[in-house]
Amino acid sequence: MSSDDVSRRAFMRTAGGAAAAAGAATATAGTAAAQEVEPDWPSATEGNVGSYTDARGQDSVTISVGAGDQGLAFDPTLVWVDEGTTIAWEWTGAGGSHNVQTVEGGGPASLDSGDPVGEEGATYEYETSSEDAGITHYHCVPHTAVGMHAGLAVGEDIATVEVGGGGSNAVFVPDAARALGIATFIAMVSTLGLAFVFMKYGGTITGQDQA
């Protein structure tokens with residue numbers, strides 16, 4: 001066997017290994033993307049703003065009452081917390097008088113700030129417990145008809161959905177993973193192109209006779 005044949009085989013092994021590694025990296029990125037989830041919120045909890053915060057791992061979280069352009073929203077609207085987290089609802093003073101109350105039959109957490117108030121800086125605190133595990137739908141009673149609703153998810157044992165999946169079988173791929181896939185494809189095409197040139201003209205390139 002000529003040294004030229006050995007070099008070609010070595011080159012092909014290297015090219016194949018590089019392509020396989022690139023493919024594995026893309027597959028890993030796709031898997032990571034598919035594992036991004038958030039609580040399966042009831043549609044009514046999205047309210048007028050629909051903002052979402054994953055506050056798991058935090059001891060406390062603050063939610064604005066009277067947020068949005070017209071002061072008729074909770075922000076963040078959807079919050080996921082651990083058991084034992086203290087939640088503070090803080091009034092902005094906008095949008096009139098508000099309160100925080102669990103919708104009838106809306107979930108395990110018994111939220112009730114009392115009578116509606118409109119004073120800026122007013123607060124209502126609630127510490128979650130194991131009894132609140134699950135998803136709770138709450139609202140502002142005076143403004144329920146105009147969409148001032150929100151959701152609170154507590155604990156890990158709750159129904160979740162893939163981010164961006166919309167409940168379908170489609171897999172959401174973020175921009176970073178998509179860019180990695182494109183770069184991987186370009187790298188693989190370039191590698192195979194070089195392999196073709198080396199196999200066809202390897203002897204000429206290396207200065208050896210093609211017997």
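The values are calculated or read from the model by the stated rules, or taken from the named source; none is laboratory data. Quantities reported herein were computed from a predicted structural model and do not represent experimental measurements. Cβ atoms come from the backbone with ideal geometry, glycine included; neighbour counts cover every protein chain shown. Areas reflect the complete protein model, heavy atoms only, side chains present, ligands, DNA and RNA absent. Shrake-Rupley method; radii C 1.70, N 1.55, O 1.52, S 1.80 Å.
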What are the ³J(HN,Hα) couplings of region 74-87, residue after residue, when phi is run through the Karplus curve with 6.51, -1.76, 1.60 and θ = phi - 60°? Round to Hz, x for glycine and proline. 9, 9, x, 6, 10, 9, 10, 10, 8, 5, x, 7, 8, 10
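How do LEU72, LEU111 rank by accessible surface area computed with a 1.4 Å probe, from largest to smallest? Before the final figure, lay out each step's value.
Details: LEU72 35, LEU111 5 Å².
Final ranking, largest accessible area leading: LEU72, LEU111.
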Area accessible to solvent at ASP112, 1.4 Å probe radius, in Å²: 90 Å²
Amide H contacts of VAL49 (H built 1.01 Å from N, under 5 Å, at least 5 apart or other chain): PHE74
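Return the FRET efficiency for the residue pair ASP82, ALA145: r is the Cβ-Cβ distance, R0 is 30 Å, and the value is rounded to the nearest 0.05. Before the final figure, lay out the partial values.
Numbers: r = 33 Å, r/R0 = 1.09.
About 0.35, to the nearest 0.05.
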Step through the residues of region 110-118 one at a time and calculate ³J(HN,Hα) from phi using the Karplus curve (6.51 cos²θ - 1.76 cosθ + 1.60, θ = phi - 60°), rounding each to whole Hz and writing x for Gly and Pro. 9, 8, 6, 8, x, 5, x, 9, x
List the residues, sorted by chain then number, that are 5 or more residues from HIS98 or on another chain and whose placed amide H is less than 5 Å from its amide H. VAL117, GLY118
Could you rank the peptides 46-53, 120-127 by their average count of other C-beta atoms within 10 Å per residue, with the highest value first? 46-53, 120-127
With R₀ set to 25 angstrom, the calculated FRET efficiency between the beta-carbons of SER110 and ASP69, to the nearest 0.05, is 0.25
Testing the spin-label approximation: label points 7 Å from Cα along Cα→Cβ at SER43 and GLU125. State their distance in nm. 3.8 nm
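Could you rank SER64, SER43 by how accessible they are, 1.4 Å probe, largest area first? Before the final figure, lay out the partial values.
Details: SER64 40, SER43 95 Å².
These residues rank, largest area first, as SER43, SER64.
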Residues meeting the amide H criterion for ALA122 (H placed from the backbone, H to H distance under 5 Å, 5 or more places apart or on another chain) are TRP91
